[in-house]
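A.B. asks: Here you go, one structure.
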Amino acid sequence: MSKKLSILGSTGSIGTQSLDVAEMRGYEVIALSAEKNAELLEQQIRKYKPKYAALADEKAASALRAAVADTDTKVYSGAEGVCACAAAPEADTVINAVVGIAGLRPTLTAIDCGKTVALANKETLVAGGELVMSRAAEKGVAILPVDSEHSAIFQCLQGMNKKEELKSIILTASGGPFFGKKREELENVTLSQALHHPNWSMGAKITVDSATMMNKGLELIEAVWLFGVEPSMIDIVIHRESVVHSLIEYRDNSVIAQLGEPDMRIPIQYALTYPERYPSPVKKLNLWEHSHLTFYRPDYETFRCLEVCREAITRGGLFPCVANGANEMANYLFRCGKIGFLEIADTVERVMEITPASSGYRLEDVLEADAAARERAKALLARP
């Protein structure tokens, strides 16, 4: 069945691969949005001819509007413009590949408009999982995972008859560039070292999150909401080769895994074609080319973000939002060269400690908690 897509974050890694899949499957691109890459978005507009486009950065949007004045594409700007693309009336499916908590409002907008959401923005569920999942249930909207790990779990669960058959979910992690290192060895690591991911090509923020293993902690929180399980049912295993994308364990101790080449176009396509499968542009997995598949227990003492995230979702309320907000600020300051690598986890942990407990929440509460967490992180990291 042909689909009409709105792709949010179209200039990033997931966004550009989503366009590859859309082109191969012959899907119509209705709307595109990005943060500020006007040059690439202009190229995409001229190639895919969407009805709508948006840049979150107002200045970049103004430049784009002038650059594509000869086209029929209407250009929006700011956060409201991105939400307008999520609400594009002609689109039936929204791929949300926005980075950070900025993806939360567009997700809610898409849900309110009754659109299927192919979700690659993990912060949507980390920061506002209760709000998002309840809204999706109310509207009868499907939220389909795009992250390779959550797609793997989703695929493995297709064979499950009853929820009580599930014993645990096992998330795989590459371990990032600092696998095997101890805390003292990470005192002086540089940004370029942190950006040297062994298997995946991702944006800077997500790659640094992989280096701290915060990315896997966020995925743990996301899995709780996507699959309706307790945090205690989710395990993490280091798998350096990124061939086994995740696994599930049944109550009889049988384990089912999903394998494939480390290429995001498989989970992107499955989110768009579910429950059907079609040929993909991804290379066939030949196991003899991967003579060794290795698995290790995570080092929770060195990569403390993992347990901080587990604690956040276990405590519930707005604590996952707080952990995410503090991390986004600390991650940004590290990328700007203003703090050290180890200060990222230290800051997230400290902000969690000084944040009071909370229970139910609205969107406004999520945004306020996020802003407060960022400010607390910034204050803790301020240099004299």
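A.B. asks: I'd like to check something: does segment 145-156 contain any residue that is open to solvent by 70 Å² or more (accessible area, probe 1.4 Å) and either in contact with an Asp or Glu (Cβ under 8 Å, 6 or more places away or on another chain) or assigned to a helix (DSSP H, G or I) (or both)? Quick ask: steps written out before the conclusion?
C.D. replies: First, pick out the residues of segment 145-156 that are open to solvent by 70 Å² or more (accessible area, probe 1.4 Å): none.
No; the residues of segment 145-156 include none that is open to solvent by 70 Å² or more (accessible area, probe 1.4 Å) and either in contact with an Asp or Glu (Cβ under 8 Å, 6 or more places away or on another chain) or assigned to a helix (DSSP H, G or I) (or both).
A.B. asks: Filter segment 101-133 down to residues that are part of a loop (DSSP other than H, G, I, E, B) and more than 18 Å from Y274 (Cα to Cα) and give me whichever is farthest from the chain's Cα centre (by Cα).
C.D. replies: Residues of segment 101-133 part of a loop (DSSP other than H, G, I, E, B): 113-115, 120-122.
If we keep only those that are more than 18 Å from Y274 (Cα to Cα) as well, we get 113, 121-122.
Working: C113: 22, N121: 4, K122: 3 Å.
The residue in question is C113.
A.B. asks: Considering only residues that are assigned to a strand (DSSP E or B) and open to solvent by less than 40 Å² (accessible area, probe 1.4 Å), which ones fall in segment 214-252?
C.D. replies: I234, I236, V237, I238, V244, H245, S246, L247, I248, E249, Y250
A.B. asks: Looking at segment 87-100, is at least one residue under 22 Å from V366 (Cα atoms), touching a helix residue (DSSP H, G or I) at 6+ places or on another chain (Cβ under 9 Å), not in a loop (DSSP other than H, G, I, E, B) and not β-branched (V, I, T)?
C.D. replies: Yes, segment 87-100 contains at least one residue that is under 22 Å from V366 (Cα atoms), touching a helix residue (DSSP H, G or I) at 6+ places or on another chain (Cβ under 9 Å), not in a loop (DSSP other than H, G, I, E, B) and not β-branched (V, I, T).
A.B. asks: Can you tell me which of (1) in contact with a Leu (Cβ under 6 Å, 6 or more places away or on another chain); (2) more than 14 Å from M214 (Cα to Cα); (3) not charged (D, E, K, R) is the one T347 doesn't meet?
C.D. replies: (2)
A.B. asks: Something else about it: Which count do you get for residues in segment 2-36 that are assigned to a loop (DSSP other than H, G, I, E, B), out of contact with any Leu (no Cβ under 8 Å at 6 or more places or on another chain) and either open to solvent by less than 10 Å² (accessible area, probe 1.4 Å) or without any contact (Cβ under 8 Å) to a residue 60 or more places away in the chain (or both)?
C.D. replies: Counting residues in segment 2-36 that are assigned to a loop (DSSP other than H, G, I, E, B), out of contact with any Leu (no Cβ under 8 Å at 6 or more places or on another chain) and either open to solvent by less than 10 Å² (accessible area, probe 1.4 Å) or without any contact (Cβ under 8 Å) to a residue 60 or more places away in the chain (or both) gives 2.
A.B. asks: Please identify the pairs in which a residue from segment 78-102 that is closer than 19 Å to A63 by Cα has its Cβ atom under 7 Å from the Cβ atom of a residue that is open to solvent by 10 Å² or more (accessible area, probe 1.4 Å) and basic (K, R), counting only partners at least 6 apart or on another chain.
C.D. replies: Short answer, once both residue conditions are applied: A79/R105.
A.B. asks: Test each condition in (1) free of Cβ contacts under 8 Å to residues at least 60 places away in the same chain; (2) surrounded by fewer than 22 Cβ atoms within 10 Å (Cβ to Cβ); (3) not hydroxyl-bearing (S, T, Y) for P262 and report the one that comes out false.
C.D. replies: All conditions pass for P262, except number (1).
A.B. asks: Anything in segment 157-169 that is part of a strand (DSSP E or B) and either more than 16 Å from S254 (Cα to Cα) or open to solvent by 30 Å² or more (accessible area, probe 1.4 Å) (or both)? List them, or say none.
C.D. replies: Answer for segment 157-169, where residues must be part of a strand (DSSP E or B) and either more than 16 Å from S254 (Cα to Cα) or open to solvent by 30 Å² or more (accessible area, probe 1.4 Å) (or both): just K167.
A.B. asks: Which of the residues belonging to segment 116-150 are more than 15 Å from L218 (Cα to Cα) and small (G, A, S)?
C.D. replies: Scanning segment 116-150 gives A118, S134, A136, A137, G140, A142.
A.B. asks: Continuing with the same structure: Scanning segment 115-141 for residues that are free of Cβ contacts under 8 Å to residues at least 40 places away in the same chain and either open to solvent by 50 Å² or more (accessible area, probe 1.4 Å) or of a type in the set (G, A, S) (or both), which turns out farthest from M233 (Cα to Cα)?
C.D. replies: Only one residue fits best here, namely K139.
A.B. asks: Quick check, is I111 among the aliphatic types (A, V, I, L, M), open to solvent by less than 30 Å² (accessible area, probe 1.4 Å), without any contact (Cβ under 8 Å) to a residue 60 or more places away in the chain and within 23 Å of E368 (Cα to Cα)?
C.D. replies: For I111, the condition - among the aliphatic types (A, V, I, L, M), open to solvent by less than 30 Å² (accessible area, probe 1.4 Å), without any contact (Cβ under 8 Å) to a residue 60 or more places away in the chain and within 23 Å of E368 (Cα to Cα) - is met.
A.B. asks: Of a type outside the set (A, V, I, L, M) and modelled with pLDDT of 95 or more: is that true of G114 in this structure?
C.D. replies: yes
The values are calculated or read from the model by the stated rules, or taken from the named source; none is laboratory data. Remember, predicted model here, so these are calculated numbers, not experimental data. So basically every Cβ, Gly included, is an ideal-geometry build from the backbone, and we count neighbours across all protein chains shown. SASA here: full protein model, heavy atoms, side chains in, ligands and nucleic acids out. Shrake-Rupley method; radii C 1.70, N 1.55, O 1.52, S 1.80 Å.
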